[in-house]
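The values are calculated or read from the model by the stated rules, or taken from the named source; none is laboratory data. All values reported here derive from a predicted model rather than from experimental measurement. A quick note on method: Cβ atoms are made from the backbone with ideal geometry, for glycine too, and the neighbour counts reach across all protein chains shown.
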Amino acid sequence: MRSLISVYNKKGIVDFARNLSKLGWELITTGGTYKYLRSAKIKSIPVEKITGEPEIFDGRVKTISYKIAAGILFDRSSKMHNREMKKLRLQPIDMVVCNLYPFSLTIARKHSLEEAIEMIDIGGVTALRAAAKNYKNVIVICDSYDYQKIINEILLTGDVSLDNRSKLAYKAFQTISIYDASISEYLAKKFGFGANLNLSFSNGIQLRYGENTHLSGWYYRKEDADNLSLSKFKKLRGKELSFNNILDISSCIDTLSELGKDPSCVVVKHTNPSGASTAKSVEEAYKKAWHGGDPLAAFGGIVAVNRMVDKKLSLEMLREGKFFEVLIAPQITKSALSALSERKNLIILINANLRRPKIKSGDDYKFVRGGILKQDFDSKKINSRDLKVVTIKKPTNKQLEDMLFAWKIVKVSKSNAVAIVKNLTLIASGVGQQDRKEACRLAVFKAMDTDRGKSGETPKEAAAASDGFFPFADGPEILIKAGIKAIIQPGGSKRDQETIDLCNKYNITMAFTSIRAFRH
């Protein structure tokens, strides 16, 4: 029995090759793999001795040979194939062990086009594809995760079952498909081809259920450079994540990224921030986010902080029967983890990159009936220099801070959205409304509703943000009557002047961003 081994990622290959050799298999290896195994004192035959041809072009051509292809594609059940193999004095290859050049990892870091091109695997893909096609006769392995399972099965039965061969073949074809889709997607962006779109995701995990309990749900991972991808979080405790947990966690990360590097806390429910605050300490930010926002909505939500959770903060989280399903943080102390363990089902995720979270960039996709929409992810940061103050009254520095904070909140909330902020704390928001006037009314109602368990700030002297322009002055009038003193909005309505005149009448400051922040 003969195995062709050509691996870029050498993880686990020494033990696998040694065990395979002990089982009597002959090993054929390509240049880098041959040297690696030789350094571990494992004998193998260099591929050029089989092909009769040297490796050329800096390793671009190694296994591309009719002798290798014939050995892999040979159908043992075909009389014609057997006659031809004998006539041409070719030998079969019974196993192909191969992993591909790391194209996705290469393009995920700083790189040149030439570097990306060099990481497009040719021979490896060809060998895997041929072996997967002939899976009844050839065992194909493209994942080091399968090494020990295959050795164990051969030890136990002397062979690999047809069922397992088919599973390995499927994995190989999936690997090739994802690999080629990644290359296609990259080159489409690089060369400006937008007519076709190929997306690749891998390592699917079945969830407990979908958005609702009668639906099945899966989570698929995309290999990219985002250090805040969900797959890069470590789960310390708690039950398995649900479909809705994952949606809310993603929204939490986006919101926390908007707030920046200062100590901050975000509470999210149904993908909308119900509480958010930036303060001198993370404990203060947590208290303000939970109590100063919407404690009623926060119940059963997701809490995210960008500082370490210590014992003091964990005890504050346990006070007054607060209930939230997931806590995400850059780090947590042992004493805090121990204290929070009394919440049996609480899920705790950590990722050190939350300490200085970056706003996501790249593409944003939304599936629609019969297709998919693609746009740039909105990574635009608005600062005071971007604002156009359109009223007689100019904002103070404190008002500017609150206005920009409120803008960050509406940017990550479902449209139509209006947020009220005071002292860098979300007081209330009206989100997901079909008209802007109602969004204003809802935000004011929630800010003043004493039945929601709120404590802290009122709308008096606060700032408000709207993710779209005000078509009429009726929305701002609701805000002003509630005590709002500063408004930030995109501007661009035919009736902007009416809103400006209203603000001037009541000595309100208002600034235009000149861009909107719709989110559907």
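Just a yes or no: is a residue in the range 344-353 farther than 24 Å from ASP224 by Cβ, surrounded by fewer than 19 Cβ atoms within 10 Å (Cβ to Cβ) and out of contact with any helix residue (DSSP H, G or I) (no Cβ under 7 Å at 6 or more places or on another chain)? Yes, the range 344-353 has at least one match. Picking from residues in the range 365-398 that are charged (D, E, K, R) and assigned to a loop (DSSP other than H, G, I, E, B), the one that is nearest to SER250 (Cα to Cα) is ASP378.
With within 23 Å of ALA465 (Cα to Cα), assigned by TED's automatic domain parsing to the domain that holds ASN504 and surrounded by fewer than 19 Cβ atoms within 10 Å (Cβ to Cβ) as the only criterion, which of ARG441, ARG385, ARG436 stands out? Exactly one of ARG441, ARG385, ARG436 is within 23 Å of ALA465 (Cα to Cα), assigned by TED's automatic domain parsing to the domain that holds ASN504 and surrounded by fewer than 19 Cβ atoms within 10 Å (Cβ to Cβ), namely ARG385. Looking across the range 75-121, just one residue is without any contact (Cβ under 8 Å) to a residue 24 or more places away in the chain, crowded, with 16+ Cβ neighbours inside 10 Å, within 24 Å of the chain's Cα centre (by Cα) and part of a loop (DSSP other than H, G, I, E, B), and that is MET119. Screening VAL305 against (1) surrounded by fewer than 23 Cβ atoms within 10 Å (Cβ to Cβ); (2) closer than 21 Å to ILE347 by Cβ leaves a single unmet condition, (1).
Of all residues in the range 336-370, those being of a type in the set (Ser, Thr, Tyr) and within 14 Å of ARG237 (Cβ to Cβ) number 2. Against the criterion of being of a type in the set (Lys, Arg) and closer than 17 Å to LEU424 by Cβ, LYS481 does not qualify.
Which residues, counting only those in the range 180-236, are surrounded by 11 or more Cβ atoms within 10 Å (Cβ to Cβ), among the hydrophobic types (A, V, I, L, M, F, W, C) and modelled with pLDDT under 85? If the condition is that a residue be surrounded by 11 or more Cβ atoms within 10 Å (Cβ to Cβ), among the hydrophobic types (A, V, I, L, M, F, W, C) and modelled with pLDDT under 85, then ALA188, PHE193, LEU197, LEU199, PHE201, ALA225 are the ones that fit.
Is it the case that some residue within the range 150-161 is under 20 Å from THR29 (Cα atoms), buried (at least 17 other Cβ atoms within 10 Å of the Cβ) and assigned by TED's automatic domain parsing to the domain that holds ASN9? Looking through the range 150-161, at least one residue is under 20 Å from THR29 (Cα atoms), buried (at least 17 other Cβ atoms within 10 Å of the Cβ) and assigned by TED's automatic domain parsing to the domain that holds ASN9. If the condition is being without any contact (Cβ under 8 Å) to a residue 60 or more places away in the chain and either assigned to a helix (DSSP H, G or I) or more than 23 Å from SER514 (Cβ to Cβ) (or both), then the range 452-473 contributes THR458, PRO459, LYS460, GLU461. Within the range 435-449, is even one residue without any contact (Cβ under 8 Å) to a residue 60 or more places away in the chain, over 20 Å from THR396 (Cβ atoms) and touching a Ser or Thr at 6+ places or on another chain (Cβ under 6 Å)? The answer is yes, given that some residue of the range 435-449 is without any contact (Cβ under 8 Å) to a residue 60 or more places away in the chain, over 20 Å from THR396 (Cβ atoms) and touching a Ser or Thr at 6+ places or on another chain (Cβ under 6 Å).
So for the range 49-61 (the condition being assigned by TED's automatic domain parsing to the domain that holds ILE139, surrounded by 21 or more Cβ atoms within 10 Å (Cβ to Cβ) and within 40 Å of the chain's Cα centre (by Cα)), does at least one residue qualify?
No, that holds for no residue.
Listed by position, the helices (runs of 4 or more DSSP H) inside the range 230-310 whose residues that are over 23 Å from ASP402 (Cα atoms) number at least 2 are 243-259. Close Cβ contacts (under 7 Å, 6 or more residues apart or on different chains) running from residues in the range 139-150 that are over 19 Å from ILE178 (Cα atoms) to residues that are aromatic (Phe, Trp, Tyr) comprise TYR147/PHE16. Do we have GLU223 as closer than 23 Å to ALA116 by Cβ and assigned to a helix (DSSP H, G or I) here? For GLU223, the condition - closer than 23 Å to ALA116 by Cβ and assigned to a helix (DSSP H, G or I) - is not met.
Every residue, every condition in (1) closer than 23 Å to ASN152 by Cα; (2) touching a helix residue (DSSP H, G or I) at 6+ places or on another chain (Cβ under 8 Å); (3) at pLDDT 95 or above, yes or no:
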site	(1), (2), (3)
MET1	yes, no, no
GLY24	yes, no, no
GLY32	no, no, no
ILE50	no, yes, no
PHE57	no, no, no
LYS62	no, yes, no
